[in-house]
1. Using θ = phi - 60° and the Karplus curve 6.51 cos²θ - 1.76 cosθ + 1.60, what whole-Hz ³J(HN,Hα) does each residue of the stretch 146-154 get, with Gly and Pro shown as x?
2. Please arrange Thr127, Thr145 by accessible surface area, largest first, computed with a 1.4 Å probe and ligands excluded.
3. What accessible area per residue, rounded to a whole number of Å², is obtained for the stretch 51-240 using a probe radius of 1.4 Å?
4. Return the long-range amide H neighbours of Phe123 (sequence gap of 5 or more, or a different chain), with a cut-off of under 5 Å between placed amide H atoms.
5. Quick one: of Lys113/Lys219; Lys113/Lys242; Lys100/Lys242; Lys134/Lys237, which pairs are farther than 21 Å apart, Cα to Cα?
6. Enumerate the calculated ³J(HN,Hα) couplings along the stretch 165-179 in order (Karplus 6.51 cos²θ - 1.76 cosθ + 1.60, θ = phi - 60°), each rounded to whole Hz, writing x wherever the residue is Gly or Pro.
7. With just the Cα atoms of the stretch 51-240, tell me how far they stretch along each of the three principal axes, in Å, largest first.
Amino acid sequence: MKKYSYVGISFIILLFGIIFIPRIVSRVQSTSIVKNDRMSADNPTANQKLAYLKINGEPRRVPEFALLNQDSLLITNHDYKGKVYVVDFFFTSCPTICPKMSRNLVFLQNQLKEYPDFGVASFSIDTKQDTPRKLKAYAENYGITDPDWHLLTGSREEIYDLANAGFNIYAAENPNLPGGFEHNGFFALIDQDGYIRSRYDASGNPLIYYRGTIGIEVKEDENGEEEQISILLEDIKKLLEKDE
């Protein structure tokens, strides 16, 4: 009797393998399961709500500003009302990180052409040399075409107060460095209501700013820092599509 029982059990196991294992393998290889698992593994914060940058418990708004753009038009923070935009600090004669930042912003501009409510605010930290005329030439050289991308200049006090106090993005004059200035290569993401936003990092803390110096095609730089243009693009779309 035992012999026949073992034969019966073996037959059932064999039958299960023939019928069900190919189905399981096929399901695991299907686009939906493989794609969803890969997205979760590569980007665990992709589906999270975006954080607010808070100071003393209050969501941080963009500070007031009124500056001239590349067309010598007065642009204020109120001109960006209702728009999602990226803020950066740069200067046109920068020999190091600014060209990389500008190319990454142009990439975002070109990826978001279908969204009329996307913009950029680029503040020049070289307030002596970067006149509206020079900013205009820079815009043409880099292919800046978005009507809501303003390259802005004003007094030294206004610009540096915006950078260091308003956005907490470091900028300073430094004659010992190439170009004579130093600044962080960060991008700030601003929502339609003028609040600074970001996604959470893997530890559950707000990312706050996005690295603007590493292109999406590089993946990571020589120091092992990963590019964040791809996740910035995702988060801009979240805000534009009100999925945040």
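The values are calculated or read from the model by the stated rules, or taken from the named source; none is laboratory data. Being a predicted model, the structure only gives us computed values, none of them experimental. Keep in mind that these areas ignore ligands, DNA and RNA; they rest on the heavy atoms of the full protein, side chains included. Shrake-Rupley method; radii C 1.70, N 1.55, O 1.52, S 1.80 Å.
1. After applying 6.51 cos²θ - 1.76 cosθ + 1.60, I find 5, x, 9, 9, 10, 9, 10, 9, x Hz.
2. Details: Thr127 35, Thr145 100 Å².
Heavy-atom accessible area, descending, gives Thr145, Thr127.
3. Values: 8900 Å² over 190 residues.
Averaged over the residues of the stretch 51-240, the accessible area is 47 Å².
4. For Phe123, the qualifying residues are Asp88, Phe89, Phe90, Leu152.
5. Values: Lys113/Lys219 23 Å; Lys113/Lys242 17 Å; Lys100/Lys242 29 Å; Lys134/Lys237 31 Å.
Over 21 Å Cα-Cα: Lys113/Lys219; Lys100/Lys242; Lys134/Lys237.
6. 9, x, 10, 6, 10, 4, 8, 6, 7, 8, x, 7, 10, x, x
7. 41, 39, 37
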